[in-house]
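Working notes, beginning with the structure itself.
What follows draws every value from the coordinates through simple rules; no lab data is involved. Just so it is clear, the model here is predicted, and its values are computed rather than measured. Cβ placement follows ideal geometry from the backbone for every residue including glycine, while neighbour counts extend to all protein chains displayed.
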Amino acid sequence: MDRNVGIYIHIPFCASRCKYCDFCSVTDCDSLMPKYQAALIKHMKEFSPRLAGYYVDTVYFGGGTPSYYGAKRLIKLFDTLKSNYNVLVASEVTAEINPDSITLEDLMLLRKAGFNRLSIGAQSANNDILKFIGRRHSFEQVEKAVAMARKAGFDNYSLDLIYGLPGQTRDDWADTLNRAMSLKPRHLSCYGLNLEEGTPLYALRGSDLIPDSDAQADMYLYTIETLARFGYYQYEISNFAKKGFESKHNLKYWELKDYAGFGASAASNLGGLRYTYVASPMEYIDAVEGGGEIITEFEELTSYDRASEYLMLGLRTVKGISAEEYCNIYRCSFDPMDELFKSYVDKGWAKFVYGRWSFTPKGFLLSNRLISEILDTQAEHKLTVGSPWMRIDYYQNLFEGL
């Protein structure tokens, strides 16, 4: 049966590394780009028979910095996709770009080739903060990039922003939001700063320079309230969009839909199988060209795994989850989680609307903890009643009346 699938292509190259970044990216490796490009193209061609029964409806070039990799290389990769896969004409095709590594000519080439969405790394409107965290651009360059995107014919573009940055105040963040909205993006991603071990900013954990949890919570709640007033609908913990401009590709992750990744560290979720490729670009190239080990993580998901992911990912979204959908995935009672959600409602952390449970803004602030409690409750229930697929009463109920 024909199905839709998203394609993710990872471009790990950057001009320099931001001080908060722990993504799979490399610098000073431009000489590796031609070999990486050849490996990607070979891999995509060899893999295409496995997706013969799929239609590609979203394509996402992420990084790293795809715009630094070059528009012509991105177009070549997209052309390879179109030649070897069933890419729908109406597909959402996104490229991440940084303001310092894009030109009008590049944008015009991308638009002509069929790219129709941009994700622009803005992060802050405060130039001092941008410099401190290792960004290579100013906010004026963000404004210029948006102007060029419009001129090139891009109507759908998103801005990435970060709150809780070193030295950032609520007023700084309010100014960033206001200046970002003045650029009229269709979509905004607003992420709280995470201090990841191994990054330069990690050394600042616990210092007065980093806004504390209360300050970050205040910025987050202010974000939700402010963006709503200007017509940006929150559809996921960190993502806001004008109606109809949600990221279709990212929704695949949160809604447990199929996607296939290519490139170093790229992940895939296909037909109940989840796997990740090697993180090193050189190892990825060697594996593709030499037939070596390319997969570092592999997991065949059980119905219980899928149900757990349904809870974990669905609760990141404003749409939330339902007992009916849960039971369709994992034939087991939702009652234990139902009782837990009712206690969250009493505390103002969750709500039940039209048969769906979801978190409130205050609940999103505690989502990591609350989702952990929900998964623990699910696991405890599994230990108590066992797997529904093994119980005779499940089959008796299933076939009763036939």
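Against the empirical 2.2 N^0.38 Å (N residues), the stretch 57-173 has a Cα radius of gyration ratio of 1.14.
Evaluated at q = 0.18, 0.20, 0.21 Å⁻¹, the base-10 log of the normalised Debye intensity for the stretch 129-284, with identical point scatterers placed on the Cα atoms, takes the values -1.27, -1.31, -1.32. Here each label is just a point 7 Å from Cα along the line to Cβ, and for Asp28 and Leu273 those points are 3.9 nm apart. Among the cysteines of the chain, those whose beta-carbon sits 4.7 Å or more from every other cysteine beta-carbon are Cys14, Cys24, Cys29, Cys190, Cys327, Cys332.
According to the calculation over all Cα-Cα pairs in the stretch 285-335, the P(r) per 10 Å bin from zero is 22, 34, 16, 18, 9, 0 %. Any lysines with Cα under 16 Å of the Lys144 Cα? List them, leaving off those in the same chain fewer than 8 positions away. Excluding near neighbours in sequence, the set is Lys184. Legend: translational diffusion of the stretch 1-58 by Stokes-Einstein, Rh = Kirkwood radius over C-alpha pairs, 37 °C, 0.692 mPa s; D = 238 µm²/s. Figure legend: label point modelled 7 angstrom from the Cα of Ser182 along Cα→Cβ; residues of the stretch 161-176 with amide N under 12 Å from it are 175-176. Run the paramagnetic zone check for Tyr55: 7 angstrom along Cα to Cβ, then residues of the stretch 81-96 with backbone nitrogen under 19 Å. Once the point is set 7 Å along Cα→Cβ of Tyr55, 81-94 turn out to lie under 19 Å by backbone N, inside the stretch 81-96.
Quick one: which of Lys112/Lys242; Lys45/Lys76; Lys72/Lys252 span more than 21 angstrom between C-alpha atoms?
Numbers: Lys112/Lys242 25 Å; Lys45/Lys76 13 Å; Lys72/Lys252 27 Å.
Among Lys112/Lys242; Lys45/Lys76; Lys72/Lys252, the Cα-Cα distance tops 21 Å for Lys112/Lys242; Lys72/Lys252.
Computed over the chain with a Gaussian network model linking Cα atoms closer than 10 Å, the most mobile of Leu227, Leu32, Leu81 is Leu32.
Maximal additional length on extending the His381-Asp79 stretch stands at 103.8 nm, based on 0.36 nm per residue less the C-alpha distance.
You can think of it this way: the chain between Thr103 and Tyr222 has 39.5 nm of extra reach, that is 0.36 nm per residue less the Cα-Cα gap.
Summary of the geometry: the stretch 294-358 and the stretch 211-250, compared by the centres of their Cα atoms, lie 22 Å apart. In angstrom, the C-alpha Rg and Dmax of the stretch 204-280 are 17.6, 47.
May I ask you to order 272-282, 66-76 by the average number of other C-beta atoms within 10 Å around their residues, highest value first?
Per-residue Cβ counts within 10 Å, averaged per peptide and sorted highest first, yield 66-76, 272-282.
First obtain the Kirkwood hydrodynamic radius of the stretch 309-365 from its Cα pairs, then insert it into the Stokes-Einstein equation at 25 °C and 0.890 mPa s, and state the resulting D in µm² per second as a whole number. Could the numbers behind the result be given before it?
On the way: Rh = 11.4 Å.
This corresponds to a translational diffusion coefficient of 216 µm²/s.
In debye to the nearest 20, how big a dipole does the chain give about its Cα centre with +1 on each Lys and Arg Cβ and -1 on each Asp and Glu Cβ? Show your work: numbers first, answer last.
Details: 44 positive and 51 negative charges, 293 e Å.
Using only the charged Cβ atoms, the result is roughly 1400 debye.
If you take every residue apart from Ser138 with its C-beta less than 14 Å away from the C-beta of Ser138, what net charge results, scoring Lys and Arg +1 and Asp and Glu -1? Taking every Cβ under 14 Å from that of Ser138, the sum is +1.
Residue separation of Lys243 and Met282 scaled by 0.36 nm, minus their Cα-Cα distance, works out to 9.9 nm of gained length. Taking 20 Å as the cut-off, the amide N atoms of the stretch 1-22 that come nearer than this to a point 7 Å along the Cα-to-beta-carbon line of Ser48 belong to 2-10.
When shorter helices are ignored and each DSSP H run of at least 4 residues is given -39500 (n - 2.57), the per-residue value for the chain at 222 nm works out to -13000 deg cm²/dmol.
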